[in-house]
Amino acid sequence: PAVPGSGIPEMKTILRGVVLKEYLTFKTFVAKVIGLTCALGSGMPLGKEGPFVHIASMCAALLSRFLSLFGGIYKNEARNIEMLAAACAVGVGCCFAAPIGGVLFSIEVTSTFFAVRNYWRGFFAATFSAFIFRVLAVWNKDEETITALFKTRFRLDFPFDLQELPAFAVIGIASGFGGALFVYLNRKIVQFMRRQKTINRFLMKKRLLFPALVTLLISTLTFPPGFGQFMAGQLTQKDTLVTLFDNQTWTKQGLSNEFEYLGILEAWCHPRSNVFVTLVVFILMKFWMSALATTIPVPCGAFMPVFVIGAAFGRLVGESMAAWFPDGIHTNSNTYRIVPGGYAVVGAAALSGAVTHTVSTAVIVFELTGQISHILPVMIAVILANAVAQSLQPSLYDSIIRIKKLPYLPELGWGHHEKYNMRVEDIMVRDIRYVTLNCKYRDLQHVLHSTRMKSLPLVESAESMILLGSIERAQVGALLSHQLSPQRRLQALRQKALAEDEHRLADASIRCQISTEASSGTPARTASRKPLKLVLKRVPSSLAETSPAGTTDHTGIALKSLFCANSTAEPTE
């Protein structure tokens, strides 16, 4: 049950100090790795960044648990939280081979406050993870040396013209609206499925049906010989990004033989439509497909699909600019052609930043492409996209937290500033049942019967009301049943039919106790308040003490003899 979905919302909750059981276990680890491999292999518009964070966190938790067998610092709970914070950086770092962006992204996404002492630890771990990820590519003969994942070859002497900055700003603002719409659409799909009671009940019984239907729908629409030919259906996510980041202009040359990726690029050029139609269809179709696909109960992230959609949108704007200014924007006497691939990089960073509410996607993009030439347009677009998206919707991860009802206080968005004036006392329950250190068995039973709260506060005393902690209701119940004598419970089970006789026996024991206490000169009130277990234990000894003195109360003696005979007949505890 802990495997489906991204993993980052739950990690945010865990790093806030909430214990989510079964979430960081070995069983979950195995299921997540196998499930993610299959999900990515299916070719569905699903990402891997969130699950990578979850997998890295499980590795960290399992390592901590293993090392704690040898004692030392790993038994410290605070150290475990620090390990998890570093693990989040590792997850993003090895997903994109982007250690710096990974650390910054993990801080932005998972932490409300960040201990700076974890900073170098995160970098250390993320750098090694990215290094090993890229070294494996060299060993598999995929790469000749360690390079960026999606290497771009943009012009370095004149990457963009200053007059293009408004176009980059437009990409940023549009991506902000697009990111907010994506989060809204994702949430509405989940809520619609939950509200339809009949559909929900049917899908709960047949759990495999919903993923199967969604997969069938999406794979049918993207089938390359069918409708997929109008949206580059045959390209995988990686091929799509490689083509979108290409530094040639598609519209002007009309995909001539100059291209290095002639085979893959042909997917974007359909004989009966132009590049613009293909890009628009691709963006619209992938948008709702990704929003729908990320709701199915399999291990998947939403970062990569959104990243690809953003790149396609950027490419669309870039190609439009290239068609609008075929010879480039004139500055002085030099003419430099517009590079649509740069627009694609800007769009990818802006849309993914808007959906996740992070600025570090800019750094991730630089590490992904291996070029920092577009740093200014990327930063402008990402900041504008964040400004728009944050004013409209929560981030995708906060939205999932709300859907799953995880115990997490979200950040207050714009337009909710009056809530900063609210105090805890305005929303807390006042008349609350509590347990004190010196409460009796009767008080505990009364608290359990009078409230349905899952957790009970433990205070020092009713006068001081100093909070010492809390105890779960189930634990209180278990402790009570454990503390009551097994002998009494066995007797109750054996003699359920003789319940009335048991009541008489209990009355007799209490009267006996009072009479013996009275004869020995101690106040009876204190004895009558003692828990039943103590009364039953004390009676034989008190009788033994008082019997030599002798008493004149014949009824007391009769009761004593009755009770003592009964207690000796029963097997001792």
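The values are calculated or read from the model by the stated rules, or taken from the named source; none is laboratory data. Predicted model, so just to flag it, every value in this text is computed and none were measured. No Cβ is skipped: glycine too gets one built from the backbone with ideal geometry, and neighbour counts run over all protein chains shown. The area values use the complete protein model at the heavy-atom level, side chains included, leaving out ligands, DNA and RNA. Shrake-Rupley method; radii C 1.70, N 1.55, O 1.52, S 1.80 Å.
Suppose we filter I283, I372 for residues that are assigned by the TED database to the domain that holds V183, outside any helix (DSSP H, G or I), among the hydrophobic types (A, V, I, L, M, F, W, C) and open to solvent by 10 Å² or more (accessible area, probe 1.4 Å); which single one remains?
I372
Is there a residue in the stretch 189-210 that is assigned by the TED database to the domain that holds V355, modelled with pLDDT of 90 or more and farther than 19 Å from G5 by Cα?
no
Residue-by-condition table, conditions (1) in contact with a Phe, Trp or Tyr (Cβ under 8 Å, 6 or more places away or on another chain); (2) under 30 Å from P1 (Cβ atoms); (3) free of Cβ contacts under 8 Å to residues at least 60 places away in the same chain; (4) in a helix (DSSP H, G or I):
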| position | (1), (2), (3), (4) |
| --- | --- |
| M304 | no, yes, no, yes |
| L316 | yes, no, yes, yes |
| M321 | yes, no, no, yes |
| D327 | no, no, yes, no |
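Test F160 against the criterion of being in contact (Cβ under 8 Å) with a residue 12 or more places away in the chain, closer than 17 Å to K48 by Cβ and open to solvent by less than 50 Å² (accessible area, probe 1.4 Å), and give yes or no.
no
Report the residue count in the stretch 461-474 for those that are hydroxyl-bearing (S, T, Y) and open to solvent by less than 80 Å² (accessible area, probe 1.4 Å).
So the count comes out to 2.
Tell me which of these P45 doesn't satisfy, since it passes every other one: (1) in the same structural domain as L84 (by the TED database); (2) farther than 30 Å from G233 by Cα; (3) assigned to a loop (DSSP other than H, G, I, E, B).
(2)
Restricting attention to the stretch 375-430, and to residues there that are at pLDDT below 90 and small (G, A, S), which single residue is nearest to S290 (Cα to Cα)?
Within the stretch 375-430, the match that is nearest to S290 (Cα to Cα) is G413.
Look through the stretch 461-515, keep the residues that are hydroxyl-bearing (S, T, Y) and in a helix (DSSP H, G or I), and return whichever of them is farthest from Y434 (Cα to Cα).
S515
With the requirement that a residue be loosely packed, with under 14 Cβ neighbours inside 10 Å, in contact (Cβ under 8 Å) with a residue 60 or more places away in the chain and either in contact with an Asp or Glu (Cβ under 9 Å, 6 or more places away or on another chain) or of a type outside the set (A, V, I, L, M) (or both), what does the stretch 191-237 give you?
Within the stretch 191-237, Q191, R207, T236 meet the criteria.
I need the full set of residues from the stretch 440-460 which are exposed (fewer than 13 other Cβ atoms within 10 Å of the Cβ), touching a residue at least 12 places away in the same chain (Cβ under 8 Å) and assigned to a loop (DSSP other than H, G, I, E, B), in order please.
K440, K454 - these are the residues of the stretch 440-460 that are exposed (fewer than 13 other Cβ atoms within 10 Å of the Cβ), touching a residue at least 12 places away in the same chain (Cβ under 8 Å) and assigned to a loop (DSSP other than H, G, I, E, B).
Can you tell which of K48, K32 is crowded, with 17+ Cβ neighbours inside 10 Å, of a type in the set (K, R) and farther than 21 Å from R207 by Cβ?
Being crowded, with 17+ Cβ neighbours inside 10 Å, of a type in the set (K, R) and farther than 21 Å from R207 by Cβ holds for just one of K48, K32, which is K48.
Which residue pairs have Cβ atoms closer than 6 Å, lie 6 or more positions apart in sequence or on different chains, and pair a first residue in the stretch 336-347 that is touching a residue at least 40 places away in the same chain (Cβ under 8 Å) with a second residue that is of a type in the set (D, E) and open to solvent by less than 10 Å² (accessible area, probe 1.4 Å)?
Close Cβ pairs (under 6 Å, with a partner that is of a type in the set (D, E) and open to solvent by less than 10 Å² (accessible area, probe 1.4 Å)) amount to P340/E319.
Scan (1) touching a residue at least 60 places away in the same chain (Cβ under 8 Å); (2) in contact with a strand residue (DSSP E or B) (Cβ under 9 Å, 6 or more places away or on another chain); (3) not charged (D, E, K, R) for the single condition P9 breaks and write down its number.
Condition (2) is where P9 drops out.
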